[in-house]
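Enquirer: This structure is in structure tokens; I'll ask about it shortly.
The values are calculated or read from the model by the stated rules, or taken from the named source; none is laboratory data. Worth saying up front: this structure is predicted, and the values here are computed from it rather than measured. Glycine gets a Cβ as well: all are built from the backbone with ideal geometry, and neighbour counts include every protein chain shown.
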Amino acid sequence: MRDDGDPEGLSDLIRKAAGGDRRAFDRLVVVKRERVVRTAYQVTGDLEDARDVAQSVFLRLWRVLPRFDPGQRFDTWLYRITVNAAIDLLRTRGPKGMLQPLPEDPSVLEAEGSDGGLEAGLDLRDLQRAFSRLAARLSPKQRAAFVLREIEGLETAEVARILDVTESTVRNHVLQARRTLRAGLEKDYPGLCPPKGRKGGA
Amino acid sequence: MSEPVPFGDDPDDLTAIFARLREIEIPADLLEAVSRDVTAALDREVPRRHWIRPAAAWAAAAALAAALLVPAALQPRPVAPLAKVVPQAAEPARAGISSLRTPGPAQVLDLTVGGTQVVMIFDAELKL
């Protein structure tokens, strides 16, 4: 779910929620919950953990929203709260060896693949399983940087703001994560690797 | 939010395929559960606006109580007034001798020394 721009009057929702309007806040939760859960899921690797993280993120958001600076990007702020909560949880409980896959519901996880591209026939469930297993080998920061940069598709500068590190640190985390994931892909999931000579991309 | 970068910044990188995970949709029932969790948790909380008010009221009450009680507690305790000693009325010092006239021949002598009174009756004709 992408809610870039302000299609539903996001600024208005934020302003009202910051003023204590519960209905506006509930709406804000609906607008942002999928992104929060997805990010938390990819960082923690567990759907129940992601649900717990999402709850704590939105409770925290309710408390600190009055202090939100409208000059800041709301999504950056929300990602920061989410990633910090997810990393805290990871550090508290330690990595799980095998991430919990999403429910095997084809309607939920059906790959689109309608563009006939490289990944056209790739099952998202297989891809998620592979990532779940391989991402357990990353440090929390590497994992968070990779998720934000490569899965959420954020710019390096924004990832740096979210993680409160320099851009070069982000690049380093992503580089290390790629190396680890690439080695795992080649060794354990050769079927997911694109054939030589083909380039991925949209 | 910035425009998503398609499949990472290096499309030749094998790990770029993980960018497709952004297409994953989280199950709707789980998202509804998140909303329910949040609503329930917020309902259990004191509303934010009324959250500070009671806290401030308690603080004010505590400050007022402290302002009143602490100086009182630190003040030296007033010495309880001693019970007023009522001086006993001094017994008029009595000492003396008086002779009381009687209608008869007898004479009465009243001898008093302090609290002791001796009455002597003298009758010359009295034969014991």
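Enquirer: Mind telling me which of the residues A:Arg171, A:Arg129 ends up being modelled with pLDDT of 95 or more and surrounded by fewer than 21 Cβ atoms within 10 Å (Cβ to Cβ)?
Expert: Numbers: A:Arg129 fails: modelled with pLDDT of 95 or more.
The match here is A:Arg171.
Enquirer: Filter segment A:26-35 for residues that are at the interface with chain B (Cβ under 8 Å from one of its Cβ atoms) and without any contact (Cβ under 8 Å) to a residue 24 or more places away in the chain and give the result. Write out each step before concluding.
Expert: As a first pass, look at segment A:26-35 and keep what is at the interface with chain B (Cβ under 8 Å from one of its Cβ atoms): A:26, A:29-30, A:33-34.
Scanning segment A:26-35 gives A:Asp26, A:Val30.
Enquirer: Could you tell me whether segment A:136-154 includes any residue that is of a type in the set (D, E, K, R), assigned to a loop (DSSP other than H, G, I, E, B), modelled with pLDDT under 85 and surrounded by 13 or more Cβ atoms within 10 Å (Cβ to Cβ)? Even if it seems obvious, please write down each step before you answer.
Expert: Applying the first criterion (of a type in the set (D, E, K, R)) to segment A:136-154 yields A:137, A:141, A:143, A:149-150, A:152.
Of the ones still in play, those that are also assigned to a loop (DSSP other than H, G, I, E, B) are A:137, A:152.
Cutting the leftovers down to modelled with pLDDT under 85 gives us none.
No, there is no match, as no residue in segment A:136-154 is of a type in the set (D, E, K, R), assigned to a loop (DSSP other than H, G, I, E, B), modelled with pLDDT under 85 and surrounded by 13 or more Cβ atoms within 10 Å (Cβ to Cβ).
Enquirer: Further, regarding this structure: Just to verify a result, which residue in segment A:36-62, among those that are basic (Lys, Arg) and facing chain B (nearest Cβ under 9 Å), is nearest to A:Trp77 (Cα to Cα)? Please lay out each step first, then the result.
Expert: Going through segment A:36-62, the residues basic (Lys, Arg) turn out to be A:38, A:51, A:60.
Cutting the leftovers down to facing chain B (nearest Cβ under 9 Å) gives us A:38, A:51.
Working: A:Arg38: 16, A:Arg51: 19 Å.
If we take residues in segment A:36-62 being basic (Lys, Arg) and facing chain B (nearest Cβ under 9 Å), then A:Arg38 is nearest to A:Trp77 (Cα to Cα).
Enquirer: Can you tell me which residue is nearest to A:Ala17 (Cα to Cα) among those in segment B:29-44 that are touching a helix residue (DSSP H, G or I) at 6+ places or on another chain (Cβ under 7 Å) and either more than 7 Å from chain A (Cβ to nearest Cβ) or surrounded by fewer than 16 Cβ atoms within 10 Å (Cβ to Cβ) (or both)? Step through it out loud before you land on a result.
Expert: Kept after step one, since they are touching a helix residue (DSSP H, G or I) at 6+ places or on another chain (Cβ under 7 Å), are these residues of segment B:29-44: B:30-31, B:33-35, B:37-39, B:41-42.
When the remaining residues are screened for being either more than 7 Å from chain A (Cβ to nearest Cβ) or surrounded by fewer than 16 Cβ atoms within 10 Å (Cβ to Cβ) (or both), the result is B:39, B:41.
Details: B:Thr39: 13, B:Ala41: 16 Å.
Checking each candidate, the answer is B:Thr39.
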